[in-house]
Every structure is written in C-alpha cells, then in structure tokens.
1. With θ set to phi - 60°, apply the Karplus curve 6.51 cos²θ - 1.76 cosθ + 1.60 along the stretch 107-119 and write out the HN-Hα couplings as whole Hz, x wherever there is a Gly or Pro.
2. Which whole-Hz ³J(HN,Hα) couplings does the stretch 32-43 yield from phi under the Karplus relation 6.51 cos²θ - 1.76 cosθ + 1.60, θ = phi - 60°, glycine and proline marked x?
3. Please compute, over every Cα-Cα pair in the stretch 26-117, the percentage with a separation greater than 15 angstrom.
4. For the stretch 277-286, just list the computed ³J(HN,Hα) in residue order, Karplus coefficients 6.51, -1.76 and 1.60, θ = phi - 60°, integers in Hz, with x standing in for Gly and Pro.
5. At a threshold of 8 angstrom on Cα-Cα distance, excluding pairs fewer than six apart, so keeping six or more, what relative contact order does the chain reach in percent?
6. How far apart, in nm, are two points set 7 Å out from the Cα along the Cα-to-Cβ line at VAL422 and at ALA482?
7. With equal scatterers on the alpha carbons only and no solvent term, can you work out the Debye log10 of I(q)/I(0) for the stretch 389-432 at 0.23, 0.31 1/Å?
8. Over 15 Å, how big is the tail of the calculated P(r) for the stretch 20-80, in percent of all Cα pairs?
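Since every read-out is calculated from the coordinates, none of them should be taken as a lab result. Given the structure is predicted, the values throughout are model-derived calculations rather than measurements. Virtual Cβ from ideal backbone geometry, glycine too; neighbours counted across all protein chains shown.
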Amino acid sequence: MSLLTAIPWPTLLVLTPFLGGLLALRLPDQRARLGVGLVVTGLVLVVSAALAASFLVTHDAPPIEDLSAPLPLVAARWHLGIDELAAPFLPLTALLVVLLLVAAPKRELAGPMIPAILFTEAATIGVYTSLDLACLALFWLASLVPGAYALRESIPAGGKGRAFRAYGVFLVLGALPLAAAVVWIVSARAGSPLPFDLTAPEPALDPASQLPIFFLLAIALLVRKAVVPFHSWLPVLAERGPIAITALLISTHLGAFLASRVMLPLLPEASAEVFPWIADLALASAVYGSLLGLAQTDLRRMLGFVLTSQMGLVLVGVAEANRESLHGALLQMLALGLSSTGLLLCASQLEVRAGTTDVRQLGGAAARFPFLAGASFVLGLASIGFPGSLMFVSEDLLLHGLLGSHPIEAIGLVIVTALNGVTIVRGFFLAFLGTSRRPLGLTVPDLSTRERFVAITLAAVLLATGLTPTPLLLARERVVLALTRGSSTHAVGGH
C-alpha cells in the first residue's frame with residue numbers, strides 16, 4: 001500500500017485547520033493565535049502542495065479518496081477526495097491564508113478573526129474535496145458561518161450595519177438553495193443506494209428533475225460569484241469588511257467550482273439548456289461591474305467592483321464549457337485568487353498608513369511608500385492580464401474559447417478587460433502619484449519586511465505560473481476533456 005492511499009490525506013487537510021481554529025479559540029493572546037494559525041496552515045500548504053505535485057507528475061493519477069459507509073436513512077457518506085480538479089485549489093487556499101496571516105494589518109486579525117480564518121479554510125478545503133453532495137453542502141454552509149461571526153464581532157461600528165446585512169443576505173441566499181437542491185435530489189433519485197455520490201452519477205436524473213435542481217444550484221452559484229442582481233455584497237465587504245475573510249470569499253471561487261464539480265457532470269441536459277443564458281448574464285454583470293468601478297472614489301470599493309467584474313468573466317468561461325474556455329476559467333480562478341488577495345492587502349496597508357482609501361484625499365503616496373506603490377502597480381498589472389502573468393494566459397484562453405462560437409461575447413470580454421485596466425491604473429495614479437492631498441507624519445513607514453515578503457511572493461507566483469502554465473494545463477487536461485465531452489454531447493454553449 002502506497003503512502004498516498006495509506007493515510008487519509010483529504011480528511012487530514014480538513015481537520016488540521018479546524019483543530020487549529022479550536023486551539024486558537026482557547027488562546028487569549030493574539031500572537032499565540034497567529035503562531036498557531038501559521039503553523040497549522042503551513043503544514044496544510046506543504047502537504048497539499050506535495051499532493052498537488054503528484055498530479056503534475058502523473059497526469060492520469062487516480063483520485064486520493066477517503067470514504068465511510070453510508071449513513072443510515074440519508075444515504076450520504078463521508079466521501080472526500082483529491083483529483084485533478086481540486087488539487088491546485090488546496091495549496092492555493094493554504095498559501096492565501098498564510099499570506100493573509102503574515103501581511104494583514106494587526107487590527108484586522110484581532111478578536112475572533114484568526115480562528116474564523118482557520119475554520120473558513122477548513123470548510124473551504126472540505127468543499128473542494130467533497131465527493132458527496134450532502135457533504136459538500138454542509139461544508140459550503142460551514143464556510144460562511146465563521147465569517148459572519150467574525151464580521152459581527154470585529155469590524156468598526158460605523159460599517160458594521162451595512163456590511164453585516166450584506167453578508168447575512170449572502171449567507172442565506174447562498175446556502176438555502178443548495179440545501180434545498182440536496183433534499184430535492186433525494187426524491188429525484190429515489191431507489192439509488194447513494195443518491196449524493198458525485199463520482200458515479202447513476203442513475204442519471206431525468207430531464208424533468210434536472211431543471212428545478214439546476215435552478216436551485218444556480219442561485220447558490222450566482223450569489224457566490226456576485227453576479228447581478230446578487231452582487232451587492234462584494235463591493236460592500238471589499239470596502240468595509242475584514243480583509244482576510246473578504247479575500248477568502250473572493251479568492252476561493254467556490255461558485256465556479258460548484259458548477260464544474262456538480263452542475264456540468266450531474267445535470268447535463270439542464271446545463272445545456274440554461275448555462276448559455278447564465279454566460280450572457282455573467283458577461284452583462286462583468287460589464288456592469290467594470291463600468292461602476294470607473295465611477296468609484298474609494299480604492300477598496302473600486303477594487304470590489306473590478307473583482308465583481310472579473311468573477312463574472314470566470315463564470316462566462318465555465319458556462320461556455322468548451323476546452324479552451326474551461327482551461328481559461330480554471331487558470332483565471334488561480335490568477336484572480338492571487339492577484340485579488342494582493343490588491344486587497346495593498347489597499348488595507350495603504351489605509352493603515354494614510355487613514356483613508358478615498359482617492360480624493362490621497363495622492364503622492366509613492367514618494368512616502370515606494371515599495372507599497374511598486375507592489376500595488378505590479379499586482380495591478382498582473383490582475384488585468386499584463387503579458388507574462390498568469391491572468392494574461394487565462395484571458396487569452398478565454399478569448400479563444402469564445403471567438404469560435406460567440407464572437408460578440410469575445411468582444412465583450414475585451415471591453416471588460418480594458419475597462420478594468422483603466423480603473424486599476426486610474427486608482428493607482430490618483431492614490432500614489434501627483435501631489436499629496438493628505439499630510440502624513442514623518443514616522444509613517446513603508447511596507448515592513450513581512451509585508452514585502454508577501455508582495456514579492458504573490459508577484460513571483462503570478463509571474464512563474466504565467467511564464468510556465470503548461471504543467472497546470474496538462475494536470476487539468478483529463479478533467480477538462482471529461483467536462484467538455486459531456487457538455488458537447490448535450491450541446492452546451494449554443495442558444
């Protein structure tokens with residue numbers, strides 16, 4: 001028996017940050033909590049990176065699975081697994097948590113925030129590794145609860161009301177339809193010994209049952225991806241919420257993962273009928289977000305609308321479901337996770353030093369904070385697809401995936417990318433260049449060593465993966481072909 005099968009790796013990856021969160025709750029000192037968070041997440045990063053590397057080396061490697069016997073009455077089971085689809089997202093999640101713990105402002109990590117981050121990390125990994133739909137739905141709900149509690153306890157009173165209400169609506173809308181879909185599947189698959197199994201979706205759901213289940217899952221998908229009209233939570237949290245929780249919600253792309261793991265393979269007829277319309281809605285949402293981003297005066301809110309727009313583009317690629325668009329969407333999920341976390345951290349670090357992110361009061365910050373300005377500029381370029389970055393590769397694949405069948409949508413993608421580029425460059429110029437409009441004390445420092453380390457790490461990973469994307473593409477080839485083979489059978493992508 002090999003080491004990959006002898007140890008329950010998926011379960012350990014979920015339990016490690018969960019137990020770390022429980023331990024952190026019992027520690028009164030923030031430095032001790034931070035130490036626990038860094039140790040447990042560092043372990044998760046090392047293990048998950050090694051497991052993901054096994055799929056880079058052996059492209060047809062079987063999934064690494066843990067499963068229990070079916071539970072009585074519900075026919076669900078503890079079934080976790082790591083495959084080509086999930087593998088890259090596991091080290092990405094752990095890496096983002098490590099970097100957030102290292103570089104987030106100390107006031108952002110006060111109180112219950114560090115345990116909440118660890119619990120969110122555990123539940124997010126649970127979603128990625130779940131091969132049972134009931135298990136996935138439970139982890140999905142669990143990924144939202146710690147952030148709600150931390151948001152209520154930690155953010156300043158002035159922004160608490162609106163941000164907490166936005167998160168509450170997001171929590172309810174994003175979780176209840178998914179739970180309802182799980183219940184509906186029980187009746188739709190009556191007689192099946194394992195109705196929630198995602199590895200062997202047989203007997204297939206009949207088309208009449210697929211549509212209502214698809215629409216329930218689509219609501220969860222659209223809310224999580226902040227697609228209009230379910231988008232308002234993201235700019236509010238980006239502007240007023242805690243950076244770590246906001247970054248994890250945006251950067252982990254659980255909505256698009258739900259579409260790839262569940263909706264395309266389990267509901268092929270419904271996907272063929274509805275996903276093309278979802279692609280149009282996501283593109284319209286991307287255009288809307290890019291236009292609103294141009295009008296913002298707060299840097300964090302500006303980023304919120306840019307990220308809303310970019311998350312819509314990810315969904316366009318998944319919904320088109322051809323080989324190039326899926327490869328592009330999966331790469332963009334990784335690129336956007338890294339760049340969005342970096343930009344949110346830069347905005348929060350500027351706010352700590354200047355006391356505001358209102359660009360009408362900023363200006364000239366590059367003279368005082370040259371490393372912060374450089375990090376913001378490089379990560380901003382990487383987020384809009386500058387050549388050599390991973391976002392450039394993903395956008396190129398998305399564009400080629402759309403050109404053949406939907407040239408109008410391809411034009412829309414180019415327009416959205418250009419508008420987002422204008423917003424990012426405009427925000428940088430207003431905040432960092434020109435004449436300073438806000439006096440700063442002479443003792444305000446530039447980025448610290450730990451903050452510089454995080455900025456350099458993010459930029460290096462985006463550049464390294466952008467220059468050598470082939471291993472990531474080859475590792476995902478089998479799962480992408482499986483999804484496109486099923487979608488082409490049912491004519492996904494035309495309407």
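1. In residue order, the calculated couplings are 5, 6, 10, 6, x, x, 5, 5, x, 4, 5, 5, 5 Hz.
2. So the J values, rounded to whole Hz, are 5, 4, 5, x, 4, x, 5, 5, 5, 6, x, 4.
3. Counting every Cα pair in the stretch 26-117, those more than 15 Å apart make up 67 percent.
4. 6, 5, 4, 5, 5, 5, 5, 4, 5, 5
5. Values: 827 pairs, mean separation 76.8, N = 495.
Reported as a whole number, the value is 16 percent.
6. Spacing of the two 7 Å Cα→Cβ label points: 4.3 nm.
7. -0.78, -1.01
8. Numbers: 1257 of 1830 pairs.
Tail of the P(r) past 15 Å holds 69 percent of the pairs.
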